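Below is one structure, written out as structure tokens; the observations come after it.
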Amino acid sequence: MALQATLTRLSNFGQETELQNLYIKVTSAYATKQEAKATVIAFASVDGNALFTESHNFVLDLDGPNPIKQAYLYLKTLSEFSDAVDC
């Protein structure tokens, strides 16, 4: 499972850069009693180089699907991932 999306991020020079057609993969998700956290890596393409890694906190539903699936579902609720498509 992965997402494809166009995201805007700050470049190394502090300017906003639009990164098109990123391949976004949740590489891990873990939870404690207080929080759930997913690690997300954005790639230039399916076989491309990793461009950046970021973490996102979300509320884990113990009765829901596995934590990785829940992380993807959570990402799609964020405005920056609202146009993301499953791939």
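Every number here is computed from the coordinates shown, using simple stated rules; none is lab data. Since this is a predicted model, take the numbers as computed values, not measurements. A quick note on method: Cβ atoms are made from the backbone with ideal geometry, for glycine too, and the neighbour counts reach across all protein chains shown.
Here are some notes:
- Label corresponding to Cα Rg over 2.2 N^0.38 Å when calculated from the structure given, among (i) 1.25; (ii) 1.11; (iii) 1.61: (ii)
- Highest mean packing first, where packing is the average number of other Cβ atoms within 10 Å per residue, the peptides 42-54, 65-77 line up as 65-77, 42-54.
- Karplus-derived HN-Hα couplings along segment 55-63 (A = 6.51, B = -1.76, C = 1.60, θ = phi - 60°), whole Hz, x at Gly and Pro: 10, 9, 8, 8, 8, 7, 9, 4, 9
- Over the chain, DSSP H runs of length four or greater, each weighted -39,500 (n - 2.57), average out per residue to a 222 nm ellipticity of -3000 deg cm²/dmol.
- The HN-Hα couplings worked out from phi for segment 64-75 by the Karplus form 6.51 cos²θ - 1.76 cosθ + 1.60 (θ = phi - 60°) are x, x, 4, x, 5, 4, 4, 5, 4, 4, 5, 3 Hz, whole numbers, x standing for Gly and Pro.
- Listed values for segment 25-32 are Karplus-derived 3J(HN,Hα) couplings in whole Hz (6.51 cos²θ - 1.76 cosθ + 1.60, θ = phi - 60°), namely 10, 7, 8, 7, 8, 9, 9, 10, and x replaces Gly and Pro.
- Percent RCO, i.e. relative contact order, over the chain, from Cα pairs under 8 Å lying at least 6 residues apart: 29 percent
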